[in-house]
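The values are calculated or read from the model by the stated rules, or taken from the named source; none is laboratory data. This one's a predicted model, so the numbers in the text were calculated from it and none came from an experiment. Heads up, the Cβs are rebuilt from the backbone with ideal geometry, glycines too, and the neighbour counts pull from every protein chain shown. In case anyone asks, the SASA skips ligands and DNA or RNA and just uses the protein heavy atoms, side chains included. Shrake-Rupley method; radii C 1.70, N 1.55, O 1.52, S 1.80 Å.
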Amino acid sequence: MSPLLEVTNLSVAYGAIEAVRDVSFSVAEGQIVSLIGSNGAGKTTTLRTISGLLRPKSGTVRFEDQPIEKLPAHTILGRGIAHCPEGRRLFGRMTVEENLHLGAYVRKDNGVAADMSRVYDLFPVLGQRRHQKAGLFSGGEQQMLAIGRAMMSKPRLLMLDEPSMGLSPIMTQRIFDTIRELQSQGTTILLVEQNALAALALSDRGYVVDLGRTTLEGPGRDLLADQRVRAAYLGEG
Ligand SMILES: Nc1ncnc2c1ncn2[C@@H]1O[C@H](COP(=O)(O)OP(=O)(O)O)[C@@H](O)[C@H]1O
Ligand SMILES: [Mg+2]
């Protein structure tokens with residue numbers, strides 16, 4: 001069976017700056033796959049290209065066996081890829097409920113109310129505060145809302161860019177528990193993290209991105225045990 005998402009020899013540049021060079025990886029249906037790597041490695045650029053926010057210089061992105069790298073972002077969202085961006089990007093002056101509705105804007109079915117309840121089941125604090133403005137929330141609550149908003153498009157593939165950034169260890173654990181729960185409910189996850197330890201512990205497969213290239217890959221627990229990964233990303237050696 002072909003993978004749900006397949007990125008092959010992807011290169012992306014900002015003018016003369018080559019941010020992603022020849023990145024290849026794949027995500028099988030039902031998996032959690034993580035891209036790890038230091039700041040500036042090209043992880044965010046890779047996700048933004050899959051979402052259709054950036055155009056690759058070369059390479060292909062296939063989703064459900066169709067090329068998508070030339071499609072506009074709203075079409076890609078409509079096909080079933082949701083992107084929870086780095087830094088959350090919520091609308092601070094809008095309420096929880098309004099932010100969640102924005103996540104559902106590409107949908108044409110009438111399951112939006114049911115999915116909103118599902119988000120509130122996942123994160124009860126959002127339900128309790130549904131009429132409050134998002135800008136008043138803590139970092140952890142904002143991350144929950146950003147994930148909830150991405151879930152509102154009912155994605156087959158959910159891409160999360162640095163969901164643990166700036167969060168306390170307890171809140172980080174809460175977010176990682178949620179990612180596992182979303183997987184168990186049938187969502188495939190592509191996770192980008194600088195927190196390599198937590199990400200790999202959760203992942204079926206991991207890829208190390210370094211200076212725009214994928215340099216190592218394997219099952220999450222194998223990468224966790226790899227001396228090169230431990231030295232470079234877990235502060236050992
Ligand atoms: N909008 C931009 N314009 C120019 N260069 C950028 C832009 N965004 C990112 N870059 C550069 O591209 C490289 C990869 O960045 P990024 O994809 O954000 O990495 P990561 O998410 O792994 O930290 C870095 O060298 C960064 O400085
Ligand atoms: Mg980034």
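Please report, in debye to the nearest 20, how large the charge dipole of the chain is about its Cα centre when each Lys and Arg carries +1 at its beta carbon and each Asp and Glu carries -1 there.
For the chain, the charge dipole is close to 640 debye.
How far, in nm, would the chain grow between R89 and T215 when pulled straight, counting 0.36 nm per residue and subtracting the alpha carbon separation?
Taking R89 through T215 to full extension adds about 42.4 nm, to one decimal.
Under 18 Å from a label point 7 Å along Cα→Cβ of D222: give me every residue in the stretch 1-21 with its amide N that close.
Of the residues in the stretch 1-21, 3 have backbone N under 18 Å from the label point off D222.
Can you report the principal axis dimensions of the stretch 139-218 using only the alpha carbons, biggest first, rounded to whole angstrom?
Ordered largest first, the stretch 139-218 gives principal extents of 33, 28, 20 Å.
When DSSP beta bridges are limited to those with both residues in the chain, what percentage is antiparallel, rounded to the nearest 5?
Here the antiparallel bridges make up roughly 55 percent for the chain.
Taking a virtual spin label 7 Å from the Cα of M1 along the C-beta vector, which residues in the stretch 137-170 bring their backbone nitrogen under 18 Å of it?
Residues 155-158 fall inside that zone.
In Å, the Kirkwood hydrodynamic radius of the stretch 1-128 over pairs of distinct alpha carbons?
16.5
If r is the Cβ-Cβ distance from D177 to S58 and R0 is 25 Å, what FRET efficiency results, to the nearest 0.05?
Here the calculated transfer efficiency is 0.05.
Structure shown: which of K70/K154; K57/K154; K133/K154 lie over 28 Å apart, alpha-carbon to alpha-carbon?
Check vs 28 Å cut-off fails for K57/K154.
Evaluate the distance, in nm, between pseudo-label points positioned 7 Å from the Cα of V106 and of I17 along their respective Cα→Cβ axes.
Going from the V106 label point to the I17 one covers 2.7 nm.
From the convex hull of the Cα coordinates of the stretch 84-232, what is the mean projected area in square nanometres?
9.4
Take the alpha carbon gyration tensor of the stretch 90-154, find the square roots of its eigenvalues, order them as a ≥ b ≥ c, and report rounded if a/c is under 1.5; if not, report prolate when a/b exceeds b/c, else oblate.
Because a/c hits 1.5 or more and a/b exceeds b/c, the stretch 90-154 counts as prolate.
I'd like to check one number: the per residue accessible area of the chain, probe 1.4 Å, reported in Å² as a whole number.
46
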